[in-house]
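Below is one structure, written out as structure tokens; comments come after it.
No lab work stands behind these numbers, since they all come straight from the coordinates. Fair warning: this is a prediction, and the values are worked out from it, not measured in the lab. So basically every Cβ, Gly included, is an ideal-geometry build from the backbone, and we count neighbours across all protein chains shown.
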Amino acid sequence: MKNTLNLFFLLLATLVVVAQEGNHAAPLKRSIPETISTSEKNVAKIYEKVLPAVVTIFTSSKTPSEDGLSESGGLGSGVIVSGDCHILTAAHVVSGNSEILVKTLDGKMRKAFVLFSEASADIALLKLEVPDSSLAHATLGDSDKLAVGQNIYAIGSPYGMENSFSSGIISAFRGFNKIYDGTVGVEFIQTDAAINSGNSGGPLFNSNGDVIGIASSILTVSGGFQGIGMAVTINTAKDLLAFENRPWIGIDGLLLGRSELELLFNQSIEGGVLVQSVAKGSPADLAGLRSGEIKAEVGGRELFLGGDLILSIENHDTCHIDCLEVTRMLLKDKKSITIKFLRKGKLNTVILDVSESRKNFLDKL
């Protein structure tokens, strides 16, 4: 069903392009009317300012089937964020795809490749194979300086309808207790700005035209937008791309509280990080940390049981988000990291070699 929908979106986008190419009349160039209100002019100016940096992303992949290799395609959005043509998008837009094509505002289709992708936070960084310095790029904002009720704006290609603009407010900030790399809390913006299939990976802007989030998902019963969209905050993306003050460990996890730990592990402790996945070849993998394999639902949250439960990093408890923020500072300039964890009820200690794991993609932006 997913592949059928993806192919439908690609077909729709192709038909739109063909229709445009078949229409030899020059498109109407619109200017902002003087007769509209000041607030409307300001919003229209935001669209004019940021649109040149927004792109549509087409993907294709080949998977084995009974008749040989079956080709499927996908559609998403993204935003150029550097003069070297780096593009932020959602990880699920480009996951598992063999070819990525980026359509820029000038109508050109350009090949791109993945530099970084983190599925648990739904953030990916692409780069055009052939950078073009003439392409506009957006400015990254500061999502810590946002407030519930603030106006925000989204641009993307819902159902292949390119350059679609929607507006709304910040409805809430959600963390879901998702933890990346043992120390980074993943934060989402909840918004009522319209987000649909094809918007994924597209940027959310503030009133200054700065990128403050990347569209990730919607909560829906009907399958369409129902006023609850989620976008990864731009500061989460920055934390994932820049390891300036800490090394890369290579784990994803969920922060569990006292009640959950008593229920699942019969442990009366304040909190801990349950390992959900371990990146192959990462320091955590080489040190032998294990991820969960048993899918379960606890307190309305889906998780994987059976993985290691991290209790401390560098002798600092992983009890709650504030603890993890302090832990991040303790990892500055560290070449090895001591982690204490529970496995099958037994306390274990392991030392991770992180001397070669530092990387900073943010330097490229």
R0 of 45 Å, Cβ-Cβ distance Ala296-Ala242: FRET efficiency to nearest 0.05: 0.85
Cα radius of gyration and Dmax for the stretch 139-241 (Å): 12.9, 39
Among 280-288, 143-151, 294-302, the order from most to least packed when residues are scored by Cβ within 10 Å on average: 280-288, 143-151, 294-302
Segment Thr38-Asn163, length gained on full extension (0.36 nm per residue, minus Cα span): 42.7 nm
Asn266-Ile321 pseudo-label distance in nm [points 7 Å out on the Cα-to-Cβ vector]: 3.3 nm
Computed lengthening from Lys346 to Glu48, 0.36 nm per intervening residue step minus Cα-Cα distance: 101.4 nm
Mean projected area (nm²) of the alpha-carbon convex hull when the stretch 251-361 is viewed from all directions: 7.2 nm²
